[in-house]
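The values are calculated or read from the model by the stated rules, or taken from the named source; none is laboratory data. Here the structure is a predicted model, which is why all the values come from computation and not from measurement. Backbone-built Cβ (ideal geometry, glycine too); neighbour counts: all protein chains shown.
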């Protein structure tokens, strides 16, 4: 394993983040803070508890997951798309670096940014809503596993995209609607029975449910199923990345 190459890619991507600190960190934190002001303080104070948890505290895991998914995909996809767009990816492919080291560098940097952002949102939410974390270890595990998985998915999106518009299609047109419909603001147990069964086909439900369980010990779906869903998607993304580098799809054009 060429750790020098991994470190070089990782440091380059992290340096880009700190050069655009306002766009990468400050803007998502402020945007999520507005959600807490509106839904947590204003609306939440007029709503009852959900599964024994105040509404303001109940939506914290969903808000963190919403930002985590979008930022993981956006950071990773943009990071690998820029070398494709500028043509420097051919220098990377011809260098004595394996695809595993390339993926670790780019995905590791994107996941690090997303985890940092998630922790900042978690700390900021304390200013608006009191909450507790029943399983802090599992909370960090869910945070890290989700960030790595969707950063890897974002890496695939960046390889697939042919222009800048396609980079935004998946986060805006797919992930955000699935998150809003996946129990970020409500428990799926509040839905009619038919819609409860339909909602279970939404993969984001398992992410939010497992993450919320780590906070309050309550979940819409068994936590084991949530972990299995994330792990399964991670393996699927790993297989897709291997196939892309093995066949050269979208790399040798």
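If you check residue 152 against the conditions, is it assigned to a helix (DSSP H, G or I), modelled with pLDDT of 90 or more and either touching a strand residue (DSSP E or B) at 6+ places or on another chain (Cβ under 7 Å) or farther than 21 Å from residue 203 by Cβ (or both)?
Considered against the rule, which asks whether it is assigned to a helix (DSSP H, G or I), modelled with pLDDT of 90 or more and either touching a strand residue (DSSP E or B) at 6+ places or on another chain (Cβ under 7 Å) or farther than 21 Å from residue 203 by Cβ (or both), residue 152 comes out as no.
Taking the condition under 24 Å from the mean Cα position of the chain (by Cα) and buried (at least 17 other Cβ atoms within 10 Å of the Cβ), does residue 65 pass?
yes
Is it the case that residue 201 is under 23 Å from residue 119 (Cα atoms), modelled with pLDDT under 95 and not in a helix (DSSP H, G or I)?
Against the criterion (under 23 Å from residue 119 (Cα atoms), modelled with pLDDT under 95 and not in a helix (DSSP H, G or I)), residue 201 does not qualify.
If you go through region 156-175 one residue at a time, do you hit one that is farther than 20 Å from residue 235 by Cβ, under 14 Å from the mean Cα position of the chain (by Cα), buried (at least 16 other Cβ atoms within 10 Å of the Cβ) and at pLDDT 90 or above?
There is no residue in region 156-175 that is farther than 20 Å from residue 235 by Cβ, under 14 Å from the mean Cα position of the chain (by Cα), buried (at least 16 other Cβ atoms within 10 Å of the Cβ) and at pLDDT 90 or above.
Out of the helices (runs of 4 or more DSSP H) lying entirely within region 1-109, which hold 2 or more residues that are over 21 Å from residue 175 (Cβ atoms)?
Numbers: elements: 3-19, 27-35, 55-58, 60-86, 89-94.
Filter on region 1-109 gives 3-19, 55-58, 60-86, 89-94.
Write out, first by first residue and then by second, each pair whose Cβ atoms fall under 6 Å of each other, whose residues are 6+ apart or on separate chains, and whose first residue, in region 12-29, is closer than 19 Å to residue 103 by Cβ while the second is surrounded by 16 or more Cβ atoms within 10 Å (Cβ to Cβ) and modelled with pLDDT of 80 or more.
Close Cβ pairs (under 6 Å, with a partner that is surrounded by 16 or more Cβ atoms within 10 Å (Cβ to Cβ) and modelled with pLDDT of 80 or more) amount to 13/79; 13/109; 14/109; 17/113.
Taking region 161-192 as the region of interest, how many residues are outside any helix (DSSP H, G or I) and over 30 Å from residue 84 (Cβ atoms)?
Selection size over region 161-192: 9.
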